[in-house]
1. Quick one: net charge of A:Thr54's neighbours, Cβ under 12 Å, K/R +1, D/E -1?
2. Among residues other than B:Arg191 whose Cβ falls under 15 Å from its Cβ, what is the net charge (Lys/Arg +1, Asp/Glu -1)?
3. Can you order the peptides B:84-90, B:195-201, A:87-93 by their average number of other Cβ atoms within 10 Å per residue, highest first?
4. From the cross-link list B:Lys113/B:Lys301; B:Lys52/B:Lys301; A:Lys94/B:Lys127; A:Lys170/B:Lys301; A:Lys94/A:Lys210; A:Lys94/A:Lys125, which pairs have alpha carbons spaced over 30 Å apart?
5. I'd like the mean, over residues of B:270-277, of how many other protein chain beta carbons sit within 10 Å of each residue's own Cβ.
6. Can you tell me the order of B:249-255, A:203-209, B:145-151 when each peptide is scored by its average per-residue count of other Cβ atoms within 10 angstrom, highest first?
7. Just for the stretch A:87-229, what percent of DSSP beta bridges are antiparallel, to the closest 5?
8. What is the mean number of Cβ atoms from other protein chains located within 10 Å of the Cβ atom of each residue in peptide B:286-295, rounded to a whole number?
Amino acid sequence: METLSFDLTRDTVRQLNQRLHAPAAELAGREVRIFNPDGAHNIAVGLNAPVRVTVHGHAGYYAAGMNQLATVLIEGSASTGVAENMMSGTVRVKGFASNAAGASAHGGLLVVDGDAGLRCGISLKGGDIVVGGSVGSFSGFMAQAGRIVICGDAGSALGDSLYEAVIYVKGDIASLGADAQIEPLGECDVAVVQELLGAAGLSHDARAFKRVASARSLYHWNAEAEQEY
Amino acid sequence: MCGIVGLLLKNHALHGRLGELMVPMLTGMTDRGPDSAGMAVFTPPLRDGRRKISLYSGLTDEGAGYDWHRLVNQLNSDLHADADVATNGNHAIVTFDGAVAPVNGWLTTHAPKIHVMSAGRAMDLYKDVGRPAQVAQRYGFARLTGSHFVGHTRMATESAVTPDRAHPFTAGEDFCLVHNGSLSNPYAVRRMLEPRGIRFDTDNDTEAACRYLEWRLRDGDDLPTALQRGLEALDGFYTFLMGTPDELALIRDPFACKPAVVAETDDYVAISSEFRSLAHLPGVRHAHVFEPAPERVYVWKH
């Protein structure tokens, strides 16, 4: 099937995205190549078709946001909000991802081969995130569902105010956020980490990860806590 | 909002191309800062004993038609400062013998509407209201040469859109600062500095940060120490980018709320709010591109 190519020195992001918003049946199975992204915002946002998209360079804000079904590969880095609010599909960043990678993702898999910035997986709602490197502070803040696998270190306040999302960290954790706690790694957890590492194509010992989950003490209002948590 | 950009050329063969490389960096940040733009460019320093000041005449009745040569002739006859002037519309760079303070004092008396934008031996300053491309065109930024520059595109959020409130801000000699973000305690910083004899030109929050850090440097701190203290004293969301005669420095607030990206090659270090402003640089595809960590002091020397 014919490859669709876009050169963002010539084509606008709007032209690109309008083409990628064609009916799914028309796009299904297509290869899409995007050249000279040069940090443009909103590349391949709102896709809803089983296409393969390759971004040959660095992407700007919100790349592959709201993704459904598509497989998006960013060969460079991605700026703020990559794959934010993803519903399904796969987004992979070969370089680093800036702040709020995978924010609010409901489904799908985000893989960052390099480091991710602050607030990675903030408010995660069911998506999965695998970071090959380290994540910045406040990652997993208020994450409600889904899994985050961090192969490097985590910054301060990891998993602050977590709901039911679970975070796995191989390296050091600078500090845990309010209500986040390290729990024993069960066989189910090992299987989850193995599954996600396998999906991400990364090789680590799944048993070397720590499980971080919610202590659930913030689930109910406690008047006697006097605002001290 | 606002956009910050900076470029330090490690390869001396590129110094003649500083302006040409800089203009797309500045215009690339137009979306982040469409109302004003400015730039501090660092040139080889004047010999000790000679100083230069960058002046702005846009607040006078004559504006860009201001008679700079008459001003400098009068300055020479009064102060025997052996002053020269390079004019550029409503901007002029006056070079003279002796210290800065007597000349600034003379200007306050004899040309009170002339705004002094910067002083030192190495730094020239340009800033004005208008879209970045217009400002760059107005002052011929593409023709400028030098070792490094610090630039800014402004989307005003905390003080009026006027030329003197555009960035970069300067304090003392050969020190400038640009900032994307906002400070929440600029007046507290100002109230702390003013009793120490530090005078402010505007009500802009960035000026408070600039004068605070220059005060620390003058008090003996090196740049990393001053910036470390700044993390405590300056409250807000920011990336600060600073220039001195031989270095660029950067620091981000603890939450990294405001963006920054760096591209480094053997030839240069380029800093911007976003990669969009770096994409045109030679060899950037093979550059080491990274995001500076929050609270960490970065200093690049040329």
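1. +3
2. Values: positive: B:Arg190, B:Arg196, B:Arg199, B:Arg211; negative: B:Glu194, B:Asp203, B:Asp205, B:Glu207, B:Asp235.
Residues close to B:Arg191 contribute a combined charge of -1.
3. A:87-93, B:84-90, B:195-201
4. B:Lys113/B:Lys301; A:Lys94/B:Lys127; A:Lys170/B:Lys301
5. So the per-residue partner count for this stretch is 4.
6. For the peptides B:249-255, A:203-209, B:145-151, the packing ranking is B:145-151, B:249-255, A:203-209.
7. 25
8. So the per-residue partner count for this stretch is 4.
The numbers here are math on the coordinates, done by the rules we state, and not lab data. Computed from a predicted model, the values in this text were never measured in an experiment. Quick reminder, even Gly has a Cβ in these numbers, built from the backbone with ideal geometry, and neighbours come from all protein chains shown.
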